[in-house]
1. Using the Cβ atoms and a cut-off under 15 Å, what net charge is assigned to the surroundings of residue A:34, where Lys and Arg are +1 and Asp and Glu are -1?
2. Going by average Cβ density within 10 Å per residue, which order do the peptides A:156-164, A:19-27 take, highest to lowest?
3. So for chain A, considering every pair of alpha-carbon atoms, how many percent are separated by more than 30 Å?
4. For segment A:57-136 and segment A:195-223, write down the distance between their C-alpha centroids in whole Å.
5. If you build the convex hull over the alpha carbons only and average its shadow over all orientations, what do you get for segment B:115-166? Give it in nm² to one decimal.
6. Can you give the log10 of the normalised intensity I(q)/I(0) at q = 0.13, 0.26, 0.28 Å⁻¹, computed with Debye over equal Cα scatterers of segment A:158-225?
7. Diagonalise the Cα gyration tensor of segment A:117-213 and give the resulting equivalent ellipsoid semi-axes, square root of 5 times each eigenvalue, largest first, whole Å.
8. What is the set of long-range amide H partners of residue A:201 at a cut-off below 5 Å, with H atoms built 1.01 Å from backbone N?
Number of protein chains: 2
Amino acid sequence: MSSQINPSLAMFEQLAKVARALGHPHRLMVLQLVGQSETAVEDIAARAAISMANASQHLQRLRQAGLVTSRKQGQKVLYRLADDTVLSLLAALRDIGERNLADVQQLIQSYFRQRDSLEPVSRAELARRIRHRQVTVLDVRSEQEFAAGHLPGAINIPVNELRRRLNELPRSQQVVAYCRGAYCVFSYEAVAQLRSRGFEAYRLEDGYPEWKAAGMAVESDGGPV
Amino acid sequence: MSSQINPSLAMFEQLAKVARALGHPHRLMVLQLVGQSETAVEDIAARAAISMANASQHLQRLRQAGLVTSRKQGQKVLYRLADDTVLSLLAALRDIGERNLADVQQLIQSYFRQRDSLEPVSRAELARRIRHRQVTVLDVRSEQEFAAGHLPGAINIPVNELRRRLNELPRSQQVVAYCRGAYCVFSYEAVAQLRSRGFEAYRLEDGYPEWKAAGMAVESDGGPV
DNA sequence: CCGGTATTCTAGAATTCAATTGATTACTTA
DNA sequence: TAAGTAATCAATTGAATTCTAGAATACCGG
């Protein structure tokens, strides 16, 4: 089945394998999680709400497609993205969806846009506001994800704790929230909550992995690795 | 199956659908063909060496994924790429393969590199040589593909006719050959043949669709459309 | 309106894929 | 070395995909 006479078809066969590896919602979710930081199978399974055996199988498929790599540390196996170019591939996929799929456009309209009628803040714009100390940067991912790396000076309040920890945020300046990526619901949720409490809140247009891949400054608390 | 409570998962479900549409070698082949010009199902089937019913099914799947669009003209249905961003998506897929898949690297080594030990010519470099009239540009695709659009001043000799039409190429200057895309075998084949006949021959790094998408000048003989 | 052509639809067989369950491996530490 | 933890493997089931073949549809030109 894989012994092709035509080298072009053989090449397409290989690339199709990569595409099929992207062809399952759980694997895209797993890629997003692994894109945050090097992560153990157990944590991935928990965050993606799937069984560990299932997560392991998905990760192996992603590894065979050259999308993630793994290394063993003690009893854990840590997975991470093979490359920053994987993020470009995911971005291209998103772009097609947004441009050409009615279902995606409707999803954006009916869920995401409703939650955030204002324009998101671009990376460059946020960097400028950070330099001028005009902004509180809020990371609404989990503690572990935050510890492994975050935007410079960011405050970490996981979104499910936001309601009872609002007092940690200064009301004197605007807040820009971010999370795992472009359509991670956490930052939408956070911005909606903050606005309803009177904050001037915005959302970063994408998440931590894209910020880091763009070569912008990051901080870390020395989490895993 | 598609009624997701979690909007993030619903989004991933949609994007996975796009990825699965790319997940078959024949569909990647079909995309490459459709990327040359607006093309009827019959022609696509013939060039991809698959049955017409099968081509029709693949095309419908690509359309549902927002990768191609179609319109009816007379009794024919003409398909074309939905977007130039589809080319970016394919390029990103290729990039992952080249970087991270041993099978792809080996395929490149064992077939493509062997046929073309010299570096390919970039678009910008070829454009410069065209301006300075230092080069014969050779299009080795089919007549129909050529007629629908080609590089400015290019000569069309389909690769299977090259051997007996060598006299149409001036020996006074170098030849740069191109075809459908990065790993289209035609241009490799052509360069190998030309070099063995004493020509100074090179390959363009990618094909006609990428040239056109980059906004560079093209010509057409007023083919379909 | 009819015959011919291009395409799509339908049904069915072979293949691949996804998720679960329970067993197994590899490693750590008590 | 034994117990425990993290991950993978193996086998199964049901679902989705792929391709073929033949039927059905849509449209053109006469």
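1. Working: positive: A:27, A:47, A:61, A:63, A:71, A:76, A:80, A:141, A:180, A:212; negative: A:38, A:42, A:43, A:83, A:84, A:145, A:210.
Around residue A:34, the surrounding residues sum to +3.
2. On the way: A:156-164: 15.8, A:19-27: 21.9.
Packing proxy ranking, top to bottom: A:19-27, A:156-164.
3. Numbers: 7293 of 25200 pairs.
Pairs farther apart than 30 Å: 29 percent.
4. About 12 Å separates the Cα centre of segment A:57-136 from the one of segment A:195-223.
5. Values: hull surface 17.7 nm².
Projected over every direction and averaged, the Cα hull of segment B:115-166 covers 4.4 nm².
6. For the requested q values the scattering log ratios are -0.42, -1.18, -1.23.
7. Values: eigenvalues 59, 49, 35 Å².
Semi-axes from the Cα gyration tensor: 17, 16, 13 Å.
8. A:175
The values are calculated or read from the model by the stated rules, or taken from the named source; none is laboratory data. Given the structure is predicted, the values throughout are model-derived calculations rather than measurements. Ideal geometry is used to build each Cβ from the backbone, glycine not excepted, and the neighbour counts take in all protein chains shown. Areas reflect the complete protein model, heavy atoms only, side chains present, ligands, DNA and RNA absent. Shrake-Rupley method; radii C 1.70, N 1.55, O 1.52, S 1.80 Å.
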